[in-house]
Amino acid sequence: MTRIDGRKENELRPIKMTTGFVDFAEGSVLIECGRTKVLCCASVEDRAPCHVPEGTGWVTAEYSMLPRANRERSRRDVSKLKLSPRSAEIQRLIGRSLRAAVDLAALGERTITIDCDVIQGDGGTRTASVTGGFVALAIACRKLVEAGVIEKNPIKNYVAAVSAGIVEDVPLLDLCYEEDSSAMVDLNCVMNDRGELIEIQGTGEGRGFTVEEQRTLVDLCQGGIRQLIEKQKEVLGG
């Protein structure tokens with residue numbers, strides 16, 4: 001099939017990461033995946049949540065979409081101090097994914113919060129938030145080491161995420177909105193630079209899918225994530 005933007009079946013959308021996009025955050029990056037744009041900011045607090053074991057830290061995330069991030073205006077996520085179910089689910093995914101990259105004991109008793117705000121959504125906002133969120137997190141951790149706040153960098157692994165799906169019975173990598181909205185199967189995948197899976201979210205939208213189809217989609221994601229991690233390393237200086 002011919003994709004709407006002319007990409008090959010296993011081709012990512014153009015990726016751009018602009019670090020230092022916000023002056024005051026300990027780490028920030030604007031990540032652009034095609035027409036999807038997400039601002040990721042990392043903030044450090046010198047305290048850890050009460051549920052965390054003594055001597056260890058925590059990494060968490062918040063996610064929201066601006067009212068005109070999509071084709072039509074949506075209501076702000078927070079209404080009467082309650083997140084929309086979608087945003088709550090996505091920010092838990094982002095938090096889990098980024099915690100997998102960090103040695104929480106080496107972080108010490110502090111919290112790093114990654115705020116992911118979607119400026120423009122054209123599919124893949126949650127995966128872009130994970131990929132960009134990691135860059136913001138890594139910058140914040142590097143600054144903690146440079147300032148002598150912690151002895152060693154707590155980052156254990158690079159982490160990135162991407163989507164894949166089956167559209168008109170064809171497996172495709174990195175779905176844009178038009179592809180995602182018509183996909184028979186939709187899958188989001190988070191992996192680290194060791195090729196290990198951190199999380200898979202797969203859903204049969206128009207039909208069920210086989211184990212073999214899932215493997216095909218995960219293989220597509222693995223190839224895309226390798227490229228995203230190389231981009232992260234380039235942006236972070238290795």
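The values are calculated or read from the model by the stated rules, or taken from the named source; none is laboratory data. Just so it is clear, the structure is predicted and the values come from calculations on it, not from any experiment. Positions of Cβ are backbone-derived with ideal geometry, glycine not excepted, and every protein chain shown enters the neighbour counts. Side chains included, ligands, DNA and RNA excluded: accessible areas come from the protein's heavy atoms. Shrake-Rupley method; radii C 1.70, N 1.55, O 1.52, S 1.80 Å.
Contact map, region 42-53: residues that are open to solvent by 100 Å² or more (accessible area, probe 1.4 Å) paired with residues that are aromatic (F, W, Y), Cβ distance under 9 Å, separation 6+ or inter-chain. Pairs shown: H51/W58. Here G121 fulfils each of the conditions (1) under 21 Å from I225 (Cβ atoms); (2) in contact with a Cys (Cβ under 6 Å, 6 or more places away or on another chain) apart from (2).
Step by step: first the residues of region 140-163, then only those that are touching an Asp or Glu at 6+ places or on another chain (Cβ under 7 Å) and outside any loop (DSSP other than H, G, I, E, B), then the one that is most open to solvent (accessible area, probe 1.4 Å). Which residue is that?
Within region 140-163, the subset touching an Asp or Glu at 6+ places or on another chain (Cβ under 7 Å) is 140, 143, 154, 156-158, 162-163.
Restricting the remaining residues to those that are outside any loop (DSSP other than H, G, I, E, B) gives 140, 143, 162-163.
Values: A140: 2, K143: 96, V162: 4, S163: 5 Å².
The selected residue is K143.
Scanning region 43-82 for residues that are part of a strand (DSSP E or B), modelled with pLDDT of 90 or more and in contact with a Lys or Arg (Cβ under 9 Å, 6 or more places away or on another chain) gives V44, E45, W58, V59, T60, A61, Y63, S64. When E9, E26 are checked against the criterion of being open to solvent by less than 70 Å² (accessible area, probe 1.4 Å), in contact with a helix residue (DSSP H, G or I) (Cβ under 9 Å, 6 or more places away or on another chain) and at pLDDT 95 or above, E26 stands alone in meeting it. Among residues that are part of a strand (DSSP E or B), more than 22 Å from L12 (Cα to Cα) and of a type in the set (G, A, S), A88 is not included.
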